[in-house]
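Worksheet for the structure shown next.
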Protein chains: 2
Amino acid sequence: MKKITFLLLLISFTGFSQISDEEQLKAIYNQALTNSKCYSQLEYLSNTIGHRLSGSAGAEKAVLYTKQQMEQSGAFDKVYLQEVMVPKWVRGGKEEAYIKVQGKKIKVPVCALGGSIATSKNGVTAEVIEVQSFKELEQLGTEKIKGKIVFFNRPMNPSNIEAFHSYGSAGDQRRSGPKEASKFGAVGAIVRSLNFRLDDYPHTGATSYGDIPVEQRIPTAAISTNGAELLSKELKQNPKLTFYFKQSCYQEKDVLSYNVVGEIKGSVTPEKIIVVGGHLDSWDLADGSHDDGAGCVQSLEVVNIFKNLNYKPKNTIRVVMFMNEENGGRGGDKYQEQSLKNNENHIFAMESDSGGFSPRGFSIEADDSSFSKIAQWKSLFEPYLIHSFMKGHSGSDIQDLTSRRIVKAGLRPDSQRYFDYHHAGNDTFEAVNKRELELGAATMTSLIYLIDKYGI
Amino acid sequence: MKKITFLLLLISFTGFSQISDEEQLKAIYNQALTNSKCYSQLEYLSNTIGHRLSGSAGAEKAVLYTKQQMEQSGAFDKVYLQEVMVPKWVRGGKEEAYIKVQGKKIKVPVCALGGSIATSKNGVTAEVIEVQSFKELEQLGTEKIKGKIVFFNRPMNPSNIEAFHSYGSAGDQRRSGPKEASKFGAVGAIVRSLNFRLDDYPHTGATSYGDIPVEQRIPTAAISTNGAELLSKELKQNPKLTFYFKQSCYQEKDVLSYNVVGEIKGSVTPEKIIVVGGHLDSWDLADGSHDDGAGCVQSLEVVNIFKNLNYKPKNTIRVVMFMNEENGGRGGDKYQEQSLKNNENHIFAMESDSGGFSPRGFSIEADDSSFSKIAQWKSLFEPYLIHSFMKGHSGSDIQDLTSRRIVKAGLRPDSQRYFDYHHAGNDTFEAVNKRELELGAATMTSLIYLIDKYGI
């Protein structure tokens, strides 16, 4: 017994514990790169199930598949579904659009924005007024806007280094553009896709009419960046051209869906919970492989790695596949509601919802002292080219999660390519690189390991 | 005059100079992301010119195009061609291969390795012996190898974080495998493509017969990773299966080609030279957009950015498009030869030849004091997510460049996807992301700016 005490003292004095963390991280990355399941799980989610828009058959299949994967892994003490009512928006038939100018019809790629109403069966045809901002909209006023289609065409700012900053500052056009345009009597809205590239993919995403009465809502579509450039160019030459678009999307009643939850009971302090997740729903134009199939399978991989390394977490680890991040956030809300109801004590939450690209670090919601503690671990991550520990947004599904004292983090992969695929028809399995996905999973696992071991 | 002296003193005491570097780097990145030419130049090199294997029509066109781009930019004081004789290897017709097993012929994708001889017109058909290493080859010996095709099938090690380490440790099979196999009487060699992914692209690259007499040389091809997996699986079931492959490649006489050089005379110490470049030649299976069209246009962009910012370098800046890196390295050798002949004083050399992916930092060849000086600038790069300053290999074309006291660096982009494309049919323009390419150019420009300003 004395010998053991001496050994423990020796360990704490010689920094053996630090060496051991280095070894553990090495083992974690090694597992991820040589023995992971996440890439084949993503292939199944993407290529066998396909898109997973809330309320769709794909979303339902994805719930069953990930629940089954959790159960079959043998890694969890408990796997269960958490009921949540979700909105069901349906795209309907393929959208059509063209620019009508000097007797010619020039087809352009569009897609309805999520939550939009349909056009009439004959579509909408109207003159177009191009704006860069809501301020410009206001300056133009009802007189110049009434009866027209408002075309929001402010590109994402290319000069930001972090692509999400550009998304943040251009996103108002998609989220609120149609609502704002309808206030001035517009008959439709067209929004430039939130994509740095010039290409032919329209990018969908949620728009909100806010408190605009139903009868005043206007149909609204995203146009590809190439389409937007063309429309803008044609408008300069022919301000009186007309634009036609047709879409048949509709909102159904809310339907029952689920968050999928897998839980490993903590071996020392089971009342303390660490949650890690991604969102299982996706947009419907492709398979949502980056957004957010990647985050789901990476979260599953965290537990797979722990199991392969025979690591028994001290705290309870919960893996959550959140439902309905894209057009409602109901899954995140439900998780939070249940957590409050059960008076749960979450100490840490992590979400991966920025794509399956090469990981660079974390953005962290924490007070200064918790942030400093996490930042102290930076050197452990350097061999894995993970350098970026910044304060910032964690993730949509966990942003409102409150607890006695909680730290939240989002995995931050390289962001440069994310908006090439985001909410578009090319967000497919082929766009995800196996190693990059695995490195992201290892990076998540490493931080969870350290937090589980040392607390916050 | 006194006022100016006071101002200069003030500047040096208040650290204004440091702030100015921050502003300058910000301006450099901003230029690269909003006003660069490199992406459209790459599009021309890739989609209009195409592959640029040494001695090919494409290589010749690329020499003229980049020379013209340098001249038209108005940024250089002098643009010239540096004559260099290069080897000319020609692939000939499309290669064919199949596994013949139990009466079936299963086609597999192969391509001749660069420098390989052809098979006879009827191809080679022989039994296959699979090996993982040269040691295994030696243990098997002539008795078991003679008359067979040796199949080198050691995969790239997935557990390395830095993909180039795995390339380094698996590359012996391609570079020297055929030579080693021929010593034991093999009639051909098949090498697993140096690619982490399982896909259908065979990856070419140079092989060397070394001092093996011409009559003992054996034809040698790369097989796609999927093909290699299949062949290995079939071999386990049917060790007596045969493999057929046919290729008609040949070596012509050396031909005249060129390095393309653009020079800005230094405003303060013109005798000190900073060189930045990439290699203009590529393999012939695709456009060589990552390898190394990207490095070429990024090097051109360095000077474009300086011009747009009206920055006059103190030292002479030379942009070099090196010829023949892939299968001879003659351009690099010639540049070094001329530099020695002219008794030139190179203080810094940088090459970008690791793909046009998101930049992470530099690998640097320098003594400790020079390395420390460069590493002091790390914090200036952090806003651009450039964190990695490591000692290591600079670039093939500059590795032998000697001078009185020279520091050399290679741009290190994210390496995870590089070997998906390297030397393969999918190394095309579409595989390069505009922002990632531009960020790489800005990162190169920033380090060159700092070295130009402060010396080493």
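The values are calculated or read from the model by the stated rules, or taken from the named source; none is laboratory data. Keep in mind the model is a prediction, meaning the values are calculated, not measured. In this analysis, Cβ positions are derived from the backbone assuming ideal geometry, glycine residues included, and neighbour counts consider all displayed protein chains. These accessible areas exclude ligands, DNA and RNA; they are computed on the full protein's heavy atoms, side chains included. Shrake-Rupley method; radii C 1.70, N 1.55, O 1.52, S 1.80 Å.
So is A:GLY395 surrounded by 16 or more Cβ atoms within 10 Å (Cβ to Cβ), outside the structural domain of A:THR207 (by TED's automatic domain parsing), in contact with a Phe, Trp or Tyr (Cβ under 7 Å, 6 or more places away or on another chain) and outside any helix (DSSP H, G or I) or not?
no
Can you tell me which condition A:GLU215 does not meet? The list is (1) of a type outside the set (S, T, N, Q); (2) more than 14 Å from A:PHE152 (Cα to Cα); (3) assigned to a helix (DSSP H, G or I); (4) touching a residue at least 60 places away in the same chain (Cβ under 8 Å), and all the others hold.
(4)
Just one of A:ILE190, A:ILE161 is assigned to a loop (DSSP other than H, G, I, E, B) and of a type in the set (Val, Ile, Thr); which is it?
None of the other options fit; the residue is A:ILE161.
Looking at A:GLY455, A:GLY425, which one is farther than 28 Å from A:LYS334 by Cβ, in contact with a strand residue (DSSP E or B) (Cβ under 9 Å, 6 or more places away or on another chain) and more than 14 Å from every other protein chain (Cβ to nearest Cβ)?
After ruling out the rest, the residue left standing is A:GLY425.
Picking from B:ASN342, B:ASN327, B:ASN304, B:ASN308, which residue would you name as being assigned by TED's automatic domain parsing to the domain that holds B:SER36, open to solvent by 10 Å² or more (accessible area, probe 1.4 Å) and without any contact (Cβ under 8 Å) to a residue 12 or more places away in the chain?
B:ASN342
How many of the residues making up the range B:204-255 are within 30 Å of B:GLN82 (Cα to Cα) and basic (Lys, Arg)?
Of the residues in the range B:204-255, 1 are within 30 Å of B:GLN82 (Cα to Cα) and basic (Lys, Arg).
Condition (residue is within 14 Å of another protein chain (Cβ to nearest Cβ) and either over 14 Å from B:LEU450 (Cα atoms) or in a strand (DSSP E or B) (or both)) applied to the range B:400-408: is it met by at least one residue?
No: zero hits.
If we scan the range A:375-390, do we find a residue that is among the hydroxyl-bearing types (Ser, Thr, Tyr), away from chain B (no Cβ under 11 Å) and open to solvent by 10 Å² or more (accessible area, probe 1.4 Å)?
yes
Answer yes if at least one residue in the range A:207-226 is open to solvent by 50 Å² or more (accessible area, probe 1.4 Å), more than 14 Å from every other protein chain (Cβ to nearest Cβ), small (Gly, Ala, Ser) and within 27 Å of the chain's Cα centre (by Cα), and no otherwise.
Taking every residue of the range A:207-226 in turn, at least one turns out to be open to solvent by 50 Å² or more (accessible area, probe 1.4 Å), more than 14 Å from every other protein chain (Cβ to nearest Cβ), small (Gly, Ala, Ser) and within 27 Å of the chain's Cα centre (by Cα).
Results for (1) at pLDDT 95 or above; (2) within 14 Å of chain A (Cβ to nearest Cβ); (3) under 21 Å from B:ASP284 (Cα atoms), shown as yes or no for each residue.
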{"site": "B:VAL124", "(1), (2), (3)": "yes, no, no"}
{"site": "B:GLU143", "(1), (2), (3)": "yes, no, no"}
{"site": "B:PRO158", "(1), (2), (3)": "yes, yes, no"}
{"site": "B:ASP199", "(1), (2), (3)": "yes, yes, yes"}
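For the range A:35-129, which strands (runs of 3 or more DSSP E) that fit wholly inside it have 1 or more residues that are surrounded by fewer than 19 Cβ atoms within 10 Å (Cβ to Cβ)?
Answer list for the range A:35-129: A:78-90, A:96-101, A:104-107.
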